[in-house]
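Okay, structure first, notes after.
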């Protein structure tokens, strides 16, 4: 098992390498570097700008700049934000927990709802429940996240109000009400709307996927054998069928991770959630390339990490994989 | 064979309705110029009207007719969806075919690159790529719609590539490939004339789903301000401007989202119908 894990980790190194090269090329060729304001300043002479370029190492050949940048990154230094003049590390470190809270809560809710719905639909195919669920999931899959978010804001801020206090049911902005930072209950209350917006699409998709996966498996011989041996319904469905149906779902989730962050970006923007997506959007508007690059690299590392976890989970659940 | 597929497709009544809806949308967008309003003329005195007989969907904060803007926006969104999917499939099929047919070192390298692209946090890279391309001064790259098409295709070719590679790995062991090779067929002949035609079914199904996803991506990018640039209306950017006014004029936000929703739903239904139509093993259960 450990050799399998090590092998997977080693395989991801060339991927990270390729990603970093592509990103580096993109960012270095884009205008708006750290010297833009200096260049526009009429008091700064050409020689001074050239001296600054030399000092910042902008005149070195690209491979040298790249290796310096990679060296910095591996040491943990992601550069300085152009707009805020703070180290990118700090800015990202502030926001990561918030994003992870949002994404983690959504993921948890998604699994909580999608798995039972998928299983129940597979147990009673073409029944009323299945038909209703299929239609609902179809609709849920097609609603754009940002429209749903806006709609939720309109519903819970404009239309429905708490009849007793006249205030909206759920807050529509930020992570905590002022003065209550860090309070769990308050954060949960603020989490409700963003998590709903984010999870609906996934619940729809994953439950449909699980349903079709389970239905394929229920026709397999080993299920028939289990039933013939007199195993109870629950054993058949939850132990035999589900264990095998989960495998493609794990692969799907692992491949779907980038869109997970995309959804988080939209939700964070709409609900003013102080996470990495929001940071990225603000930085993109301000052409703050070090921050952009840092966020992308950290997210890519996170995605790769989750992919490895998913692979390990797959290997644990499906022993056939380990002997490849 | 095509007739069989068509017959199976239209057994799904919903898919038939979906096609009708989509065709209607395409025509409505194409004939957007027949409305008496322009999508970009501003008439600030007329702003924030609710739906009435003059303005079906009301007016936005600059007095522009929302209905007209949505029709023109449909042009952009549908075009971007279609063209980016074509481009993405073209690229993906090329890479997947080469990878799956030749195997070995080529497969290894191409798959590494594909995996690298798959681990990109797509939305972030799309935004960076879009900003990067927009700031280039190349003359033929001025149109922001073209830029959006290119970047969406550049980050979605991996899915058809993987699909085609998988198909090729299976199909190249088939007898007709061996026979063709024995008769002296070159690799390109085998790939194009023999193997690829057998892949059309899954490619088409995957393509429809990709188109739906491309429309959502383009709208999302435009919503964030990094897709198609104003004043060109697209469903996403209408949503963006509507967001600032969402408490004062919520209907402006309702319609573009509704259009995206209907289009994506229609495409998904079509994709579902196509998948059942192409798959020879699905037993169609009559309700």
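Assuming 0.692 mPa s and 37 °C, estimate D for chain B with Stokes-Einstein, Rh taken as the Kirkwood radius over Cα pairs, in µm²/s.
Numbers: Rh = 21.0 Å.
The estimated diffusion coefficient comes to 156 µm²/s.
Give me A:306, B:199 sorted ascending by neighbouring Cβ count inside 10 Å, so fewest comes first.
Numbers: A:306 15, B:199 21.
Taking fewest neighbouring Cβ atoms as first place, the list is A:306, B:199.
With springs only between Cα atoms under 10 Å apart, run a GNM on chain B and tell me which of B:84, B:188, B:156 wobbles the most.
Highest fluctuation among the options: B:188.
If you find the alpha carbon centre of the stretch B:124-189 and of the stretch A:105-123, how far apart are they in angstrom?
Using only Cα atoms to place each centre, the spacing works out to 34 Å.
Once label points are set 7 Å from the Cα along Cα→Cβ at both residue A:256 and residue A:229, what is their separation, rounded to one decimal in nm?
3.2
To the nearest 0.05, how large is the calculated FRET efficiency for residue A:22 and residue B:258 if R₀ is 35 Å and r is the Cβ-Cβ distance? Numbers along the way, then the final one.
Values: r = 37 Å, r/R0 = 1.06.
Given R0 = 35 Å and the Cβ-Cβ separation, E is 0.40.
Give me A:95, B:7 sorted ascending by neighbouring Cβ count inside 10 Å, so fewest comes first.
Numbers: A:95 21, B:7 10.
If I rank by nearby Cβ atoms, fewest first, I get B:7, A:95.
Other chains' Cβ within 10 Å of A:145-153 residues: what's the mean?
Values: counts 3, 12, 15, 2, 2, 9, 5, 0, 5.
Whole-number average of other-chain Cβ neighbours for A:145-153 is 6.
Could you please rank A:190, A:240, placing first whichever residue has the fewest other Cβ atoms within 10 Å of its Cβ? Don't skip to the end; give the middle numbers.
On the way: A:190 23, A:240 19.
Lowest to highest Cβ neighbour count: A:240, A:190.
We did not get these values from a lab; they are worked out from the coordinates using the rules stated. Keep in mind that this is a model prediction, so the values were computed, not measured. Positions of Cβ are backbone-derived with ideal geometry, glycine not excepted, and every protein chain shown enters the neighbour counts.
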